[in-house]
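Here is the structure we will look at.
The values are calculated or read from the model by the stated rules, or taken from the named source; none is laboratory data. These numbers come from a predicted model, not from an experiment. Note: ideal-geometry Cβ built from the backbone for every residue, glycine included; neighbour counts use all protein chains shown.
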Amino acid sequence: MADLGDGRYLNPIFAGDHPDPSILKDGADYYMTFTSFEAAPALVIWHSRDLVNWRPLAPALAHPPGSVFAVDLVKHGGRYYLYIPVIPTAISQGLNHQPGIFVIHAAHIEGPWSEPVSLNIAGYIDPGHIVGEDGKRYLFLSGVSRVQLSDDGLSTIGPIEHVYDGWKYPDDWITEAYSLEGPKLMRRGEWFYLISAVGGTAGPPTGHMVIAARSRSINGPWENCPHNPIVRTRDASEKWWSRGHATLVEGPAGDWWMVYHGYENGYWTLGRQTLLEPVEWTSDGWFKAKGGDLSRRLRKPRGGPAQTHGMPLSDDFSENLLGRKWNLYDPGLNELRRVRYEPAALVLQGKGSTPSDSSPLTCLVGDHAYQCRVELELIGDVQGGLLLFYSRKLYVGMGHDGKRMTSYRFGNASPYWTEPAPVVRRLHLKIVNDRHIVTMYYSEDGKQWTRHGLRAETSGYNTNTADELLSLRPALFATGSGSVRFRNFHYQALK
């Protein structure tokens with residue numbers, strides 16, 4: 001937990017895969033959401049009063065039209081908007097519009113949110129909303145390009161135009177690629193500030209960085225900050241790598257902060273985690289990051305009441321937590337129907353023939369070491385199981401079809417290992433991930449456990465191996481024509 005209870009906090013404020021944070025200050029309240037990629041439901045809105053402690057409200061996008069990339073959460077004219085770039089996936093098939101940038105809107109942050117409206121913007125991601133000095137609404141895009149929005153924010157006016165070339169870092173810096181992206185805009189005093197990212201999202205740990213520019217007009221010209229880069233990992237010995245995609249936000253007492261994401265040294269598997277860093281405005285109207293070594297404890301933002309942070313990950317399935325805790329990975333259209341709740345149980349309809357094409361139900365975690373276990377009951381012709389799942393390319397775990405157990409590693413069934421598990425229709429499964437060393441267990445009664453004969457090392461289950469910006473997380477899966485009834489998912493962080 002980030003809040004240490006003594007007026008200080010320790011990064012990350014969101015452990016685990018919470019990339020591309022989009023934060024909104026709305027009076028005394030703060031709301032934030034993150035890139036959700038292939039997950040459905042998508043875009044959980046989180047609430048805070050102190051910038052450190054957050055609680056989930058609800059997913060804003062029940063049926064995403066594809067893979068959701070970096071969004072922008074804004075409020076304009078008393079209404080909330082989410083601008084959402086979408087890349088096509090299996091769920092996109094059968095829809096009447098092409099993937100691109102969409103918008104949803106709501107009168108209240110808790111919803112209900114509208115159905116996605118296409119802005120007919122293709123080939124761009126990372127929208128950033130701003131109102132110009134002319135009172136018109138604009139959407140800045142990766143590149144950095146810009147397009148004017150209609151007054152209601154639900155369509156565009158005129159062409160997309162390139163408006164900013166970015167700040168060029170020295171050629172001998174070790175980065176993934178230049179990749180000018182993530183424009184976030186704000187107005188303070190007489191200046192518009194454009195905060196963006198360059199250097200690539202993953203790859204070398206010294207790549208991703210935060211840069212800034214400003215202009216007196218939304219039409220430019222944009223002057224690069226003399227303090228660029230505002231944030232950058234300069235050495236691989238640092239705790240936080242590939243830091244970027246930042247937004248500035250005013251704290252409860254008027255001080256200023258920056259939220260952005262980064263990878264934790266040694267734990268690429270956890271994905272990009274959300275960091276909070278204090279910001280100082282200089283006499284010449286620029287700003288500097290003042291957090292220093294983010295492995296240290298920092299003073300919390302002044303003002304703003306605290307609240308309980310996060311939510312328990314154990315689940316007795318007595319409440320429907322789809323979207324807030326559980327998400328289907330890369331489902332097809334209307335596939336949430338595969339999940340139904342019974343008293344103290346979750347039933348998952350089978351799909352596909354392996355975990356790779358089963359759209360498993362995943363749960364996001366942020367601990368270095370943990371164990372999770374679940375009880376499963378097989379219904380019909382089905383295989384069910386428990387995994388640590390990164391993507392269809394990479395996962396590890398166990399599946400059982402009532403006759404035999406299948407062992408999975410590296411995203412495949414083990415071709416040579418036969419685990420002598422009992423012939424049963426009900427079974428308890430447990431996985432322990434102790435800092436990348438994965439040990440598996442099974443039990444008929446949930447008390448006497450048999451250790452699986454294989455162990456795995458999973459530090460390579462990350463974006464630099466699989467080329468997907470995801471994280472390794474517990475998952476429940478069902479394949480075949482039957483269903484699996486899951487009970488009593490238990491999660492415990494380990495020291």
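Are any residues in segment 461-481 surrounded by fewer than 20 Cβ atoms within 10 Å (Cβ to Cβ) and touching a residue at least 40 places away in the same chain (Cβ under 8 Å), and if so, which ones?
Of all residues in segment 461-481, those surrounded by fewer than 20 Cβ atoms within 10 Å (Cβ to Cβ) come to 464-469, 480-481.
Matches in segment 461-481: 464, 465, 466, 468, 469, 480, 481.
Does residue 291 fit the bill of being at pLDDT 95 or above, part of a loop (DSSP other than H, G, I, E, B) and among the small types (Gly, Ala, Ser)? Steps first, please.
On the way: at pLDDT 95 or above: yes; part of a loop (DSSP other than H, G, I, E, B): yes; among the small types (Gly, Ala, Ser): yes.
Answer is yes for this residue.
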Worksheet item: Would you say residue 99 is closer than 15 Å to residue 117 by Cβ and in a loop (DSSP other than H, G, I, E, B)?
Response: yes
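Hey, any hits in segment 378-400 for a residue that's surrounded by fewer than 20 Cβ atoms within 10 Å (Cβ to Cβ), of a type in the set (Val, Ile, Thr) and part of a loop (DSSP other than H, G, I, E, B)?
Scanning segment 378-400, I find no residue that is surrounded by fewer than 20 Cβ atoms within 10 Å (Cβ to Cβ), of a type in the set (Val, Ile, Thr) and part of a loop (DSSP other than H, G, I, E, B), so the answer is no.
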Worksheet item: Counting just the residues of segment 37-72 that are aromatic (Phe, Trp, Tyr) and not in a strand (DSSP E or B), which one comes out surrounded by the fewest Cβ atoms within 10 Å (Cβ to Cβ)?
Response: 69
Discussion item. Could you list, ordered by first residue, the pairs with Cβ atoms under 6 Å in which the first is in segment 362-374 and in contact (Cβ under 8 Å) with a residue 60 or more places away in the chain and the second is of a type in the set (Val, Ile, Thr), at least 6 apart or interchain?
Written reply: 371/432; 372/431
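From 203, 189, 135, grab the single residue that is out of contact with any Phe, Trp or Tyr (no Cβ under 8 Å at 6 or more places or on another chain), on the phi > 0 side of the Ramachandran plot and free of Cβ contacts under 8 Å to residues at least 40 places away in the same chain. If you could, list the steps in order and put the result at the bottom.
Values: 203 fails: free of Cβ contacts under 8 Å to residues at least 40 places away in the same chain; 189 fails: free of Cβ contacts under 8 Å to residues at least 40 places away in the same chain.
Every option except 135 fails the conditions.
Can you confirm whether residue 171 is surrounded by fewer than 20 Cβ atoms within 10 Å (Cβ to Cβ), closer than 19 Å to residue 231 by Cα and not hydrophobic (A, V, I, L, M, F, W, C)? Even if it seems obvious, please write down each step before you answer.
On the way: surrounded by fewer than 20 Cβ atoms within 10 Å (Cβ to Cβ): yes; closer than 19 Å to residue 231 by Cα: yes; not hydrophobic (A, V, I, L, M, F, W, C): yes.
So residue 171 passes the test.
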Worksheet item: From the residues in segment 144-155 that are buried (at least 17 other Cβ atoms within 10 Å of the Cβ) and of a type outside the set (Lys, Arg), which one is nearest to residue 195 (Cα to Cα)?
Response: 144
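Name the residues in segment 81-95 that are touching a strand residue (DSSP E or B) at 6+ places or on another chain (Cβ under 8 Å) and either outside any strand (DSSP E or B) or farther than 21 Å from residue 19 by Cα (or both), would you? Write out each step before concluding.
In the first step, residues of segment 81-95 are kept if they are touching a strand residue (DSSP E or B) at 6+ places or on another chain (Cβ under 8 Å); the result is 81-89, 91-92.
88, 89, 91, 92 - these are the residues of segment 81-95 that are touching a strand residue (DSSP E or B) at 6+ places or on another chain (Cβ under 8 Å) and either outside any strand (DSSP E or B) or farther than 21 Å from residue 19 by Cα (or both).
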Discussion item. For a quick check of your reading of the model, give me the residue pairs whose first member lies in segment 399-418 and is in the same structural domain as residue 442 (by TED's automatic domain parsing), whose second is among the aromatic types (Phe, Trp, Tyr) and at pLDDT below 95, with beta-carbon atoms closer than 7 Å and at least 6 apart or on different chains.
Written reply: 407/417
Practice prompt. Out of 94, 16, report the one residue that is touching a helix residue (DSSP H, G or I) at 6+ places or on another chain (Cβ under 6 Å) and in contact (Cβ under 8 Å) with a residue 60 or more places away in the chain.
Written response: 16
Fill in: Condition broken by residue 243, with the remaining ones in (1) out of contact with any Pro (no Cβ under 8 Å at 6 or more places or on another chain); (2) outside any strand (DSSP E or B); (3) free of Cβ contacts under 8 Å to residues at least 40 places away in the same chain satisfied
(2)
Worksheet item: Applying the selection to segment 166-186, what residues are touching a Gly at 6+ places or on another chain (Cβ under 9 Å) and either among the charged types (D, E, K, R) or not assigned by TED's automatic domain parsing to the domain that holds residue 22 (or both)?
Response: 176, 181, 184
Discussion item. Checking residue 342 against (1) acidic (Asp, Glu); (2) surrounded by fewer than 18 Cβ atoms within 10 Å (Cβ to Cβ); (3) in contact with a helix residue (DSSP H, G or I) (Cβ under 8 Å, 6 or more places away or on another chain), only one condition comes out false. Which one?
Written reply: (3)
Worksheet entry | Options 197, 177; residue that is under 30 Å from residue 466 (Cα atoms), surrounded by fewer than 20 Cβ atoms within 10 Å (Cβ to Cβ), of a type outside the set (Asp, Glu) and at pLDDT 95 or above | 177
Worksheet entry | Residue among 211, 157 that alone is over 27 Å from the mean Cα position of the chain (by Cα) and of a type outside the set (Ser, Thr, Tyr) | 157
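Are there any strands (runs of 3 or more DSSP E) wholly within segment 143-200 with 3 or more residues that are not hydrophobic (A, V, I, L, M, F, W, C), and if so which?
Details: elements: 145-149, 156-162, 181-188, 191-198.
It comes to 145-149, 156-162, 181-188.
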Worksheet item: Restricting attention to segment 401-427, and to residues there that are buried (at least 20 other Cβ atoms within 10 Å of the Cβ) and closer than 26 Å to residue 459 by Cα, which single residue is nearest to the chain's Cα centre (by Cα)?
Response: 408
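Quick check on residue 239: is it modelled with pLDDT of 95 or more and either polar (S, T, N, Q) or under 27 Å from residue 18 (Cα atoms) (or both)? Steps first, please.
On the way: modelled with pLDDT of 95 or more: yes; either polar (S, T, N, Q) or under 27 Å from residue 18 (Cα atoms) (or both): yes.
Spelling it out, residue 239 is indeed modelled with pLDDT of 95 or more and either polar (S, T, N, Q) or under 27 Å from residue 18 (Cα atoms) (or both).
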Worksheet item: Would a scan of segment 78-85 turn up a residue that is aromatic (Phe, Trp, Tyr), farther than 20 Å from residue 330 by Cβ and in contact with an Asp or Glu (Cβ under 6 Å, 6 or more places away or on another chain)?
Response: yes
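For residues in segment 265-284 being within 14 Å of residue 248 (Cα to Cα) and not hydrophobic (A, V, I, L, M, F, W, C), which is farthest from the chain's Cα centre (by Cα)? Explain how you work it out, then say what you get.
Of the residues in segment 265-284, the ones within 14 Å of residue 248 (Cα to Cα) are 274-281.
Right, trim to not hydrophobic (A, V, I, L, M, F, W, C) and you get 274, 277-278, 280.
On the way: 274: 9, 277: 19, 278: 22, 280: 28 Å.
So the residue we want is 280.
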Response to the item:
residue 302: passes all of (1) surrounded by 14 or more Cβ atoms within 10 Å (Cβ to Cβ); (2) of a type in the set (Lys, Arg); (3) without any contact (Cβ under 8 Å) to a residue 60 or more places away in the chain but (1)
